[in-house]
Amino acid sequence: MKFCKTLFVAVPILLLGACSTPKQITYFQDLRPGESEQILAAPMEIRIQPKDKLSILVNSQDFRLTNMFNLPIVLQQIGQESGMSGTSRGLSGYTVDSNGEIDFFALGKIRVQDLTREEVATLIKQKLQSHELVKDPMVTVEFMNLSVSVFGDVNRPGRYNIDRDHFSILDALSQAGDLTIYGKREKVLVLRNENGVQRTYGVNLCSAEQLYSSPAYYLQQNDVVYVEPNDTKARQSTVNGNNVRSTSFWISVTSLLATISVIIINTTSK
C-alpha cells in the first residue's frame, strides 16, 4: 500500500514538471517602467553595396532641364498597345555594379559603394553644380531593393523590404508577425555578410540591455534573421512526439502505473 501511495504522489509531480510552461516567453524582462534606462547601440547607417538598386530623383526650378537626369520607365497596362492612353510614366533605378559604381547621365561613372543614402545625394548634387549642369539641384535618393529575410518560428516568414535608414530587428520581427509561442526568444540569430565573411550574432529579446547593445540590433541589407524553436517545439518534432520529455509519454506512464497499482491492490487484498 505504501508503494501505491508513493506512486500516486510522485506521478502528478512528474506530470506537472513535464507540462511546465517555458520561462523565456516575456520580452524585455529587465525593464521596469519609470526606472529602467537602456543605452541604444550606435545607429548603423545602411551603406550601399554592389547589386543594390537606387532611385535617384533630381529636381530644380527648371523641370525640363532636370527631367533628363531622371530615368524614365513606361508602365504599359495589360491589353494596351504601345503609344496608347493605357501607359503611365514612372522612374526606374540605378543598379550598383560589381565595382560599386553607377552610370549617371551626363556625369558618367560615380562610385557609391559604402556611401549612405544622404552621402550619395550630396555627391551627385555637388557634381551637377560643379559641372554647371544644374544651378540649384535638389537630389533625393531612395532604396529600391534592400531587404532582409526572416524565417524560423515566426508567424509570417519571408523577405521584407528595408524602408528606412535605421531598420532594427524589432522592425523586421514585427513585419513577420512576431515570434510564435514556440520561438526561442533568448537566442534569435542574425546572419550577416561582412566583407566576404559570414558572421552570426545572437540576440536576446528577453533582455533589453543585451538587445539594445547588440551589434545586430540595427539590420543591414541582406541580413538573415532566424528564430530557433524552443524545447517544446523540438519535442513535438519527433516521429510521434512520444519521448521522455513529452506529455504523452508521462500520460502513458501514469496509465501504466495506475494499472500496476490496481493489480497490486487486488493481489494483496486476496
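A short reminder: the numbers here are calculations on the coordinates, not readings from a lab. These figures come from a predicted structure and were not determined experimentally. Cβ coordinates were reconstructed from backbone atoms using ideal geometry, including for glycine residues, and neighbour counts include every protein chain displayed.
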In a solvent-free Debye calculation with one equal scatterer on each Cα, what is log10 I(q)/I(0) for the stretch 147-229 at q = 0.17 Å⁻¹, listed in the order of the q values?
-0.60
Test of understanding: what is the full-extension gain from Ser98 to Leu57, defined as 0.36 nm times their sequence separation minus their Cα-Cα distance?
12.5 nm
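How do Thr200, Thr116, Thr66 rank when sorted from fewest to most other Cβ atoms within 10 Å of their own Cβ? The partial results should precede the final answer.
On the way: Thr200 11, Thr116 15, Thr66 20.
Least to most surrounded, the residues fall as Thr200, Thr116, Thr66.
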Search the structure for amide H atoms under 5 Å from the amide H of Ile162, placed 1.01 Å from N in the peptide plane, and list their residues when 5 or more places away or on another chain.
Leu146, Ser147, Val148
Can you list the residues, at least 5 places off or on another chain, whose amide H is less than 5 Å from the amide H of Lys187, using H built in the peptide plane?
Leu205
Tell me which residues come under 5 Å, amide H to amide H, from Phe28 once H is placed; ignore anything under 5 positions away on its chain.
Cys206, Ser207, Ala208
For the stretch 121-137, in order, what is each residue's ³J(HN,Hα) by Karplus, 6.51 cos²θ - 1.76 cosθ + 1.60 with θ = phi - 60°, in whole Hz (x at glycine and Pro)?
4, 5, 4, 5, 4, 5, 5, 4, 6, 5, 8, 6, 8, 9, 6, 10, x
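Convex hull volume of the Cα atoms in the stretch 83-217, per residue, in Å³? Intermediate values should be presented prior to the final figure.
On the way: hull volume 24.0 nm³, N = 135.
It is 178 Å³ per residue.
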If I model a spin label at Lys125 and Val197 as a point 7 Å from the Cα along the Cα→Cβ vector, what separation in nanometres do I get?
3.6 nm
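Distance cut-off 22 Å, Cα to Cα: go down the list Lys53/Lys125; Lys53/Lys187; Lys51/Lys109 and report the pairs above it. Each step should come with its number before you reach the end.
Working: Lys53/Lys125 19 Å; Lys53/Lys187 32 Å; Lys51/Lys109 15 Å.
Checking Cα-Cα distances, Lys53/Lys187 exceed 22 Å.
Could you work out the relative contact order of the stretch 147-229, using alpha carbon pairs under 8 angstrom and six or more residues apart, expressed as a whole percent?
Details: 171 pairs, mean separation 33.3, N = 83.
The normalised contact order for the stretch 147-229 reaches 40 percent.
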Quick one: go through the stretch 92-115 and flag any residue whose amide nitrogen is under 14 Å from the point 7 Å out along the Cα-to-Cβ line of Met68.
105-108
Using R₀ = 25 Å, calculate the FRET efficiency as 1/(1 + (r/R₀)^6) where r is the Cβ-Cβ separation of Phe151 and Asp30; round to 0.05.
0.35
